[in-house]
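The values are calculated or read from the model by the stated rules, or taken from the named source; none is laboratory data. A quick note: this is a predicted structure, and the numbers were derived from the prediction, not measured. Only protein heavy atoms, including side chains, enter the accessible area calculation; ligands, DNA and RNA are left aside. Shrake-Rupley method; radii C 1.70, N 1.55, O 1.52, S 1.80 Å.
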Amino acid sequence: MDSPSEKEWLACCGSAKFAQEMASAAPFFNHQQAVDAARDIWFNKVDVNGWLEAFAAHPAIGESPSKTVKSPTSAQWSKGEQSTALATATDATLQELYEWNARYRQKFGFVFLICASGRSTPEILAEIKKRYHHRPIIEFELAAKEQMKITELRITKLFPAYATAASITKTPHNADVLTKAGEDRMSVIGGHLATAAAEPSGGFTRTRPPITTHILDVARGAPASGVDVRLEMWADKQSRPLFGEVDSDCWKLVGRSSTDRDGRSGQLMSVVDALNPGIYRISFDTGKYNPEGFFPYVEVVFEVKESQKWDHFHVPLLLSPFSFSTYRGS
């Protein structure tokens, strides 16, 4: 069969970057090869702007696609994917769904995203109510995973014969590599600190600094660019910074930078395999970024143990007008 066009890939996902990368990676000889490539591209090559662009291509559950939607094919697929929900909806549950959609968008800044195929309205209502209580950075990650489920479902429509035995040719090794790549991308957006008990075996060489950061402006639903960032380390081995004490001269500058259009800071330190254990502080000049905001600046202090010196520490900042949250992602 002919390779799907960039327009067809756009219908599958809604991200222009995703569509361009898939078109460049083609041809695919079977459905599974296309899905593997899609997962790698979505989790490793599409940036935060691309994720938000894909989210925006979806109508809210229970609503009709906008007339300005980029892809009529995508709009038609959305309608089909929501058919079970609409068939099981009553006037009361549909109204409740509209209200929760609005509440969700107001809190998180993007449409509630769920792979709706085969799900009833009561099921979807239960899910949106549960996910509404998540922290924004956690919900952003879940929405990206749901988007991937939808994308895989739509790729199936481009490969109608995917279920034949001849179409399944990936090896377990390739599957593991792509799954790990997806997990790495998720940990950058938000995750939990992984602890390594000992030095890695083999020739371990980093490809990025061991401490990185990025900022997502939830109020705008976009990355925060142009924010000045400082990384410092506590230099006195005989003492520790204590809560409530006046700032000390023991904080020594490691590096400084500003966030780019994707909300990511430039290199804050050298690329080294073993990170020096100790106490670090990342400071964000949020007051300069938003003079009318609530926070003149934000500081995050964390300690790297001896057993963690081989880990990667990603400290994302999720910023809204009156709150912020951070995670240390490995």
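Please give every one of the aspartates and glutamates within straight-line cross-link reach of Lys237, meaning a C-alpha to C-alpha distance under 18 Å, and leave out same-chain neighbours fewer than 8 residues apart.
Once the sequence-local aspartates and glutamates are set aside, what remains near Lys237 is Glu245, Asp247, Asp249, Glu303, Glu306.
Which ³J(HN,Hα) values, rounded to whole Hz and listed in residue order, are derived for region 248-261 from phi using the Karplus coefficients 6.51, -1.76 and 1.60 in 6.51 cos²θ - 1.76 cosθ + 1.60 with θ = phi - 60°, glycine and proline given as x?
Along region 248-261, the couplings run 10, 6, 6, 6, 10, 5, 9, x, 9, 6, 10, 6, 8, 5 Hz.
Among all the aspartates and glutamates, which ones have a C-alpha under 13 Å from Lys79's C-alpha, if same-chain residues fewer than 8 places away are not counted?
List returned: Glu63.
Report Lys288's accessible area, 1.4 Å probe, all protein chains in place, as a number in Å² to the nearest 10.
Ignoring ligands and nucleic acids, Lys288 comes out at about 130 Å².
Order Leu216, Leu317 by their accessible area, 1.4 angstrom probe, all chains in place, largest first.
Details: Leu216 25, Leu317 0 Å².
So, going from the largest accessible area down, we get Leu216, Leu317.
Heads up, I need the accessible area for Trp77: 1.4 angstrom probe, whole protein in place, Å², nearest 10.
40 Å²
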